[in-house]
There are 4 protein chains.
Amino acid sequence: MIVVMKLAATKEHVAAIIERVEEVGCKTHVIVGAERTVIGVIGDGRTLDRRQIGRMIGVEKVMPISKPYKGASREFKPEDTIIQVGDVTIGGKDLVVMAGPCSVEGRSQLLEVAHACREAGAHILRGGAYKPRSSPYSFQGLGEDGLRYLAEAREATGMPIITEVMEPALVPLVCEYADILQVGARNMQNYALLNAIGESGHPVLLKRSFSGTITEWLMSAEYILSHGNNDVMLCERGIRANETETRNTFDINAIPVIKHLSHLPIIADPSHATGRWEYVGAGAKAAVAAGADGVILEVHPQPDQAWSDGRQSLKPEKFAKLVRQMRAVAQAVERDVPANRKPASLNGHDLSVVPVSL
Amino acid sequence: MIVVMKLAATKEHVAAIIERVEEVGCKTHVIVGAERTVIGVIGDGRTLDRRQIGRMIGVEKVMPISKPYKGASREFKPEDTIIQVGDVTIGGKDLVVMAGPCSVEGRSQLLEVAHACREAGAHILRGGAYKPRSSPYSFQGLGEDGLRYLAEAREATGMPIITEVMEPALVPLVCEYADILQVGARNMQNYALLNAIGESGHPVLLKRSFSGTITEWLMSAEYILSHGNNDVMLCERGIRANETETRNTFDINAIPVIKHLSHLPIIADPSHATGRWEYVGAGAKAAVAAGADGVILEVHPQPDQAWSDGRQSLKPEKFAKLVRQMRAVAQAVERDVPANRKPASLNGHDLSVVPVSL
Amino acid sequence: MIVVMKLAATKEHVAAIIERVEEVGCKTHVIVGAERTVIGVIGDGRTLDRRQIGRMIGVEKVMPISKPYKGASREFKPEDTIIQVGDVTIGGKDLVVMAGPCSVEGRSQLLEVAHACREAGAHILRGGAYKPRSSPYSFQGLGEDGLRYLAEAREATGMPIITEVMEPALVPLVCEYADILQVGARNMQNYALLNAIGESGHPVLLKRSFSGTITEWLMSAEYILSHGNNDVMLCERGIRANETETRNTFDINAIPVIKHLSHLPIIADPSHATGRWEYVGAGAKAAVAAGADGVILEVHPQPDQAWSDGRQSLKPEKFAKLVRQMRAVAQAVERDVPANRKPASLNGHDLSVVPVSL
Amino acid sequence: MIVVMKLAATKEHVAAIIERVEEVGCKTHVIVGAERTVIGVIGDGRTLDRRQIGRMIGVEKVMPISKPYKGASREFKPEDTIIQVGDVTIGGKDLVVMAGPCSVEGRSQLLEVAHACREAGAHILRGGAYKPRSSPYSFQGLGEDGLRYLAEAREATGMPIITEVMEPALVPLVCEYADILQVGARNMQNYALLNAIGESGHPVLLKRSFSGTITEWLMSAEYILSHGNNDVMLCERGIRANETETRNTFDINAIPVIKHLSHLPIIADPSHATGRWEYVGAGAKAAVAAGADGVILEVHPQPDQAWSDGRQSLKPEKFAKLVRQMRAVAQAVERDVPANRKPASLNGHDLSVVPVSL
C-alpha cells in the first residue's frame, strides 16, 4: 500500500508511520517530494490494518497497490526511475547505447572493439567474462582475466562497463570491476542471485527469460528492489515463439507495456532478439521508436571469427551507421541519442577525436 | 529456376524458352528489363533439365531458386513490388496508412469515421462487412449492405477501400465493391479462397495466421501469385506466444525478414498486434522504423461502444496525432507518410480542407 | 440457457416454451429424457427474459450456460454424445481405431492398405483425396478419383471411410462418398466450411488448429452444432510450441479437458501430434490411457515412398502390434478396443479371417 | 567419441587409452561390460586424433558421438541407466511413485501426508523446504526446519525423500538430509547449481524449464554428468504454449523422445503439467502408457488450505485410487508399479499395515 502524507505532516509523523509498519514485518520506501512525502509499504499487507493507518496523524490517504510487483509498479512510483552510471544517465530523455563483443576473448580484442564502439558513439561497454553456455564443453569465458580487461578498456575509453554475473558467490568479485551487473535470460528466476544483487546495491540490467511473462519479469525485478537496490534496468531480448527465421521473437510490445506498468528503464537487445546481424538494425530502430530507454548491441570486428554469437554481431562501421540512424529516430520521437562526450583517457591509448561525432 | 537471357536475345529466343518450359507443365513469369529479359519458371522443376535449358540459344545463365516460395522470393524478383490502388502507391518510398472501424456498423457510423480518418491523414479506408468471429452467436457483419456503405464512403472521401472476404463464393461480389481484398489470419491457409483470389486478379492483403511461420505465410502468398495475381501485400498482425498483457505478440522481426526474403510489400497491423489502444502508437511507430511499407489501424469515434475490437481502437484525434508521429519517424528512416492529396468528392458531403494537413 | 421442465409437464407446455423462444430468434434443442424434458436454448440470450420463461407453466427451473460454447458444453448436455457410423459406435465404452494412408495415391495402393488396416484391427478407413498442402506446387490429392477409390475400399473391407473436405462447394460431393467428413487444422476457423458441414448433417471430425485454444476449438464445433448437426467429433492433432524433436507438441491434457467441458467424443491423432513413427506408438497408448474415445493413425506399406507424411506413417505390422497394445491399455482403464466384427465383402477380394483377431 | 576395446584387451591397454585421452584435457567414462570394455571420451574432441587412437593396441574401433550431449546420449551408453535410492530402483522395469505436498508446511502436516502417501503406495516422499516463488512476498519455505521434518518423515515411513535445492551454497546442507536433490524448472540452466550438484555425486531429478527444448535439457543434464555424477533423472513437468485451460502443456512426446535419445530415466510430473487436480489422473496414466519410468505427484489432505499449489494437489484417497490405476496401465505395457515393501519404522509411529496393499 501507499501512504500519502498531508502537506503539513512532520518528520515525526512520517517516523511514526514507519515504526508502525515495520512492527508488523513490512518494509518502507520513503519518497520525499517537493511538497509532500509518500511512504511505500512493501511486504505482506494482510498484517496491516489499512483503516488504522489511515487514521494516524499526518496521513492524507492510504491507497492499495493492485499489482503483485509493488516496488516496481508505476502505482507505487509514478515518475520514471533515472539511474546514474558514471556520467551516463539512464532512463531520462536521452537514450543509452551499450555495445561490445559477446565474449571478452582477450586483451587486445577487447581494447580494439572498445575503441571502435566508443568512436562509433557507444556510451557503455558490454562484454562477457562469465558466459552461460548451453553446453558444458563450450567456451565458458575468461573469468577474472576478462573482468580485468574490461576494467582496462574502461580506463582506456572512459566508458562504464556492463558484464554478466551468474552465481551469488561471484557477485562481490564482479561488483569490484563492473559498473553494471547483467542478469542473463537463464537466470531471471535465480532468486539467490537476485537477492545477492539486491544486497550489493549495484546497478543491474535484468534480462527477460526465454518465455517469461512481463509479470514474472517484474516480479524478478521486485526481488532485487525488495532487497534495497533501486537501480534496476529491464532488458527485452526476445522470447520464444514458433518462428525459425530469427533466433528469437522480439516482443516489441514489451516496451510500451513496461513503460505503462513500471517506472524502471527498459533497454532493448536487438542482437539476441533477432539473432542475425541483417535484422539487428531494423530491431534497434524499432525499439527506439517504441520508446526504449536504450539499446545493447553486440559489435565485433570479425564476426565470423567471434567465439560466440558471431551471427548476430555488427561490424564497427555498420554499428556506427546504426547509431546515427537511431539518433534520427530518437529525435523523431522527441528524445535523443547524445554524443559520448567524456574524453577517453590518454594513458597510452592515442585517442584524438573528443567528443566523437560521426 | 530463373533463366537470364543474353543482351542480344530476341523475342523468338524468349518464346522458344517459354514453349519448352510450358511443354513440361511449368508456368513462366517474364520480366522484360531495360537491358535484358529474365524468365521465371514456376512449378515442379524436377521435370526440366536445367543444363539443357542453359544450352538454348540466347540464354546467358540458369539459376535455381532455393526457396520453396518461388514467385514470392527476392531471388526470383529482386526489385520491390509496387502496387497501385487508385492514386495510392503501395510498396515504394511512401508509406500507406489504412484506417477505419473494425466492423461496418451502419451507414452514418461509417461515413463519420471515414471522414475523420481522411482528415487525420489516412489514404485507404478499412472496414469489415463480413466478420470472422470465434462465436457463431456474435455479430457476423452487415454483409452486402456493409459493402454498399463502404462504396459510398469511398465516393464521399476519395479513399480506396479494403475489406475482408471469407469464402471463395463471395470473391466476385466483394471484388465488385472493394479496391483491396483482405484475407484474415484464420484463412491464411484456406487454399480454395487463396486460389479464387488469385484468379480474381484483385489486389489483396494477406494476413499472417496466429502461429504461421514466415515460410508458410510466403507459401500462402505463392498460392495467389501462382494463379496469376501479383498484387499481393503481406500483413503482420501479431502471433501467439506466452504473454497475456497484450492480445498478441507483435513479431516486429517479420518486417525486415520479409523485406529480405521477398519483394512483396509488408504492412503492419498494430491494432491486432497489441490489442490495446494504449500500445498501438508505440507499435505503429516501431513498424515504420523497422521498414514497414504501411500500417493498418482500427479507428472508432466511440471505442467503448464499438461492436467489435473497441479495446484496440483509436479515437480519431489520437489517430491524427499518430499519423504525424509516424510521418516524423518515416522521415527519420528516409521515407515519408505523404498527405492524402486527392480532393474528397463534394456530392453532398461538405469537405472544405483539401489537401488535409494536420 | 437450459429450461428444465417439471415431471408433470406436457407436450403442450414444451411446445409453448419452444414457440416463445423461437419468437425472439433463438433456436431450441430438446432432450426428452426418461423422466423429464430439458430444452436447450441457443442464440443471443439477451433477447429472452429468463425470469419470464421461469414463470411459464410446466417449467421447473431455468439455468444459464456459463460457457461461450453453448451446445458443445457439458452443462447443456451432461451425457456423452454417441455417434453411430455404419456399425461403428463412437463415444461409448468402446474405442474406435481409424487408420489408412495420408493420401490416396491410387486404387491398388489404397486397397492394399485398406485390407492391411482391417486385418490389423482398424474400424474406419482414412485417406486424403483433397490434400491441404503448404505449397501450391505439392501434390494436391487425386480429387474425385480418390473418393471413388475410397468408396471401393469401403465396399471391399466393410470399413466406413473418413476423408477431408476443404471448401464449402465440395461438401455435397464429399458427402456422397464419405461416411465421416474431416476438417483439417488449417480450416478449424473456416466458418463458411463449418456452416456448410453443419447444414449437411454428416458426421464430422474437427481437428484443432495449430495454435487454437480449447475454447476456440469448441466454438468452431459450435458453428457446426448450431447449424443442426450434432455428430461432431473433436480431434487433437498436436499444437505448436517450442520443441523441434517432434513435428508438433501433443497436448495430451486436451483429452481430459474436453471430456470435462464437453459431451463430444475426442479422438487423438498421434501421427501428426508426434510427426515421427518412432513416437506414434507411445502417443497412441498415452491417448488411450488419458481417456480418448479413439485414435486416427497413418499407415502405409512403404512409408519411405509415401507421397506425403511418410515420416510419421506406420507399417501395417507395426500398426497391428500397436492395436493389440492399445487394447491392453484400454482394458486397463476399463474400456476396450473391440475386434472389427463386420465380415469384409467377398466380391473378388479374398478375405479369409472373419472376424479378425490378432 | 567412444572407444570400443577388443575382447582381448587388457587393463594396461585400457589404462594407456585413458592416459592418452586425459593428456589432452578430455575426461573418460569407462564402462566395463561382461565381454568387453568401452571408454567414453568427453570434452573437446577436436584436440584428439581419432585415427591415432584407433591404431592404439587393444582398440577395436572408435566411433564419434553425433549429439551435443555426449554422456547423456544413448550412443554413448545404449543400456538404460538404473539409479538405486535406498531400496527403490529407478529406471528399470518397475515404475517409481514419488508423492507428497508441494511445500513442507509443518511437522504434523508432513507426517500426516507422508503416512497417507505411503499407505496409498508411494515409494518416495516429496516436499519443498526451499520454495522458488515468483513473488518475493510469498512463502519461501521452512528452510532447514523443513529438511528436518522430511528426515523425520523418512524415519517414520521408510520412504527416501526428494527435495529442491536452489543455490550452490546450499547443496551440501540439502545433501545431508535428502536422498534425491531436485532442480526446479527455473534453475534448469543455473550452471553453477548444476556444477555443484555434479560434484556432490548425489542422485538428482532435473526438471525441464518452461520453454526449454529437449536438447537444452539434455545439455543441462550433461553439466551434471560431466562433473562426475551419473545419477541423473529427467522430469517433464509441462511447457508453455498457448492454452489457458491448463497451467502448462504436458509434452507427452518428451517421454518417448528422451527414451530414444538418452539412457537416463524419465519421470513425469502431471501435477505441474496440468495444474488442476481434475486432470492429474489422466496425465499420470498417459505418462505411464507412454513409457515414463515414474511419476511425481502433489498430494495434500486439504488441498484448499495448502500454502502453495492446492489447485493441483490430490487428496490421499484419490491418490490411492490413482496408484491402482497406474499399476493396471503399467502392467498393460509390460511394466509394473510395485507395492512399497519396506516396513515403516515403528519408533513411535503406529503403522499397522506392512506391506501396504491397496
With the 1.4 Å probe rolled over protein heavy atoms, segment A:142-183 has an accessible area per residue in Å² of 31
Rounded to a whole number, the mean other protein chain Cβ count within 10 angstrom for residues of B:252-264 is 6
Taking R0 as 60 Å and r as the Cβ-Cβ distance between A:Arg55 and D:Cys175, the FRET efficiency 1/(1 + (r/R0)^6), rounded to the nearest 0.05, comes to 0.70
Ignoring ligands and nucleic acids, chains D and A bury, in total, an accessible area (1.4 Å probe) to the nearest 100 Å² of about 2500
Averaged over the residues of A:157-169, the number of partner chain Cβ atoms within 10 Å of each residue's own Cβ comes to 2
Taking the dipole of chain A about the Cα centre (Lys, Arg +1; Asp, Glu -1; charges at Cβ), the one of A:Ala72, A:His260, A:Asn195 that reaches farthest to the positive side is A:His260
Taking Cα atoms only, helix D:107-120 is inclined relative to the longest principal axis of chain D by an angle, in degrees rounded to 10, of 70
In the protein assembly as shown the DSSP beta bridges are antiparallel at a rate, in percent to nearest 5, of 40
For C:Trp277 the rounded accessible area (nearest 10 Å², probe 1.4 Å, non-protein molecules ignored) is 100
Comparing C:Leu193, C:Leu297, C:Leu48 in a Gaussian network model of chain C (Cα, 10 Å), the one with the largest mean-square fluctuation is C:Leu48
For C:Ala34, inter-copy label-point distances (7 Å, Cα→Cβ), nm, shortest first, read 6.1, 8.1, 8.7
Counting only protein heavy atoms and leaving out ligands, DNA and RNA, the solvent-accessible surface of C:Glu152 at a 1.4 Å probe, in Å² to the nearest 10, equals 60
Averaging 1/r across every pair of distinct alpha carbons in chain A and inverting yields a Kirkwood hydrodynamic radius, in angstrom, of 21.2
Per-residue average of other protein chain Cβ atoms inside 10 Å, peptide A:73-86 -> 0
Whole-Å distance linking the alpha carbon centroid of segment D:290-311 with that of segment D:1-50 is 44
Whole-percent carbon and sulfur contribution to the accessible surface of the protein assembly as shown (1.4 Å, no ligands, DNA or RNA) stands at 50
For A:117-125, A:101-109, ranked highest to lowest by mean beta-carbon neighbours within 10 Å, the order is A:117-125, A:101-109
Of the convex hull drawn through the C-alpha atoms of segment C:1-139, the volume per residue in Å³ is 181
Quick shape check on segment B:84-212: root eigenvalues a ≥ b ≥ c of the Cα gyration tensor, a/c under 1.5 is rounded, otherwise prolate if a/b tops b/c, else oblate, and it reads oblate
Computed for segment D:215-294: size of charge dipole around the Cα centre, +1 on C-beta of each Lys and Arg, -1 on C-beta of each Asp and Glu, debye to nearest 20, value 140
Place a point 7 Å from the Cα of C:Ala8 in the direction of its beta carbon; the residues of segment C:27-61 whose amide N falls under 11 Å from it are C:58
Taking only the alpha-carbon atoms of segment C:143-270, the convex hull volume per residue, in cubic angstrom, is 116
Regression test value, accessible area per residue of segment A:197-275, probe 1.4 Å, units Å², expected 18
Measuring from its Cα centre, the protein assembly as shown shows a charge dipole (+1 at each Lys and Arg Cβ, -1 at each Asp and Glu Cβ) which, in debye to the nearest 20, is 0
Links exceeding 22 Å between C-alpha atoms in this model, out of C:Lys259/D:Lys321; C:Lys285/C:Lys315; B:Lys207/B:Lys259; A:Lys259/B:Lys259; A:Lys27/A:Lys207, come to A:Lys259/B:Lys259; A:Lys27/A:Lys207
Where a ≥ b ≥ c are root eigenvalues of the Cα gyration tensor, a/c under 1.5 meaning rounded, otherwise prolate if a/b exceeds b/c and oblate otherwise, the protein assembly as shown counts as rounded
GNM on chain B, Cα springs under 10 Å; top mean-square fluctuation among B:Met188, B:Met98, B:Met56 goes to B:Met56
Taking a crude spin-label model, label points 7 Å out from Cα along the C-beta direction, the A:Met63 to C:Val24 distance in nm is 4.2
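The values are calculated or read from the model by the stated rules, or taken from the named source; none is laboratory data. Computed from a prediction, not measured in an experiment: that's the story for all the values here. Because the Cβ atoms are built from the backbone with ideal geometry, glycine has one as well, and the counts that use them run over all protein chains shown. For the accessible areas, the whole protein counts, side chains as well, though only heavy atoms, and no ligand, DNA or RNA atoms are used. Shrake-Rupley method; radii C 1.70, N 1.55, O 1.52, S 1.80 Å.
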